[in-house]
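Here the structure comes first, spelled out in structure tokens, and everything after it is commentary.
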Amino acid sequence: MSVDPNAVTQDFPSPPAHGRPHPARYLVPVFAAGLVAVGLGVYGKTHDPAGTSFNLAGFSSTGAVKSWLGTGAFAFAVVQFLTALAMYGRLPGVGAKPWMAGTHRWSGRIAFLLAVPVAVHCLYALGYQTFDTRVMWHSLLGCFFFGAFTAKMLLLRHERLPGWLLPLVGGAVFAGLAVVWVTSALWFFRTFGVTT
């Protein structure tokens, strides 16, 4: 058998166009987000708070550990937010660079890994509390953050998302974490001083 090197090549047929995806496919991320947020809230409300869950050497209290880990998580979330703005062309004077996608992903991973022990401490040691406005918002938005994060991670698996959806959900994740940080770590540093 011989192949003619001058023969015209044929293209593979294009896959059929499926049009816009059905909105029902977004129900799984929404349902999972609600399940995570409500599940964390129910656990925090029904669990008998232990008062403490961990402490790290070199820190004066679990509040200091939690505040510094939360501040680290928020700092990496700011990096993720800024790289997202740059990649979407929304950061004036800064264009998307090849390294930004990797920085965006890794800053998000690190932020999440720093936030997990803080959430474990909050839920196990303190529970879901509503005794004042600051604590109520902290509890509510802490659960919201992990629910919204779940939705974002599930949406990343979908192809052909509407262009506005991922920035909206990512913005909600960032805003949730920002308010959680303001109502906890920033409050702690302003109340007890910047201490370790």
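The values are calculated or read from the model by the stated rules, or taken from the named source; none is laboratory data. All values reported here derive from a predicted model rather than from experimental measurement. Reconstructed Cβ throughout: ideal geometry from the backbone, glycine too, with neighbour counts over all protein chains shown. Protein only, heavy atoms only, side chains kept; ligands, DNA and RNA dropped before computing areas. Shrake-Rupley method; radii C 1.70, N 1.55, O 1.52, S 1.80 Å.
Toward the positive end of the charge dipole of segment 23-168, about the Cα centre and with charges on Cβ (Lys, Arg +1; Asp, Glu -1), which of 32, 120, 84 goes farthest?
84
How do 188, 81 rank by accessible surface area computed with a 1.4 Å probe, from largest to smallest?
Ranking 188, 81 by accessible area, largest first, yields 81, 188.
For the peptides 166-174, 144-152, what is the packing order when you average, over each peptide's residues, the other Cβ atoms within 10 Å and list the highest mean first?
144-152, 166-174
Starting from the 7 Å offset along Cα-to-Cβ, what nm value, one decimal, do you get for the label separation of residue 189 and residue 60?
For the pair residue 189/residue 60, the computed spacing is 1.5 nm.
Between residue 120 and residue 28, how many nm apart are label points set 7 Å from Cα along the C-beta direction?
About 2.8 nm separates the two model spin labels.
For segment 73-196, what % of the accessible area comes from carbon and sulfur atoms, probe 1.4 Å?
Of all accessible area on segment 73-196, carbon and sulfur atoms account for 71 percent.
Using label points projected 7 Å from each Cα along Cα→Cβ, tell me how many nm separate residue 157 and residue 46, to one decimal.
It is 2.6 nm.
Assign unit charges at the C-beta atoms only (+1 for Lys and Arg, -1 for Asp and Glu), then state the dipole size of segment 16-167 relative to its Cα centre in Debye, rounded to the nearest 20.
Charge dipole, segment 16-167, about its Cα centre: 520 debye, nearest 20.
By per-residue mean of other Cβ atoms within 10 Å, what is the highest-first order of 113-121, 24-32?
My ranking of the peptides, most packed first, is 113-121, 24-32.
What's the ranking of 131-140, 90-99 by average number of surrounding C-beta atoms within 10 Å, highest first?
131-140, 90-99
Determine which lysines satisfy two conditions relative to residue 66: a Cα distance under 22 Å, and not lying fewer than 8 residues away in the same chain.
45
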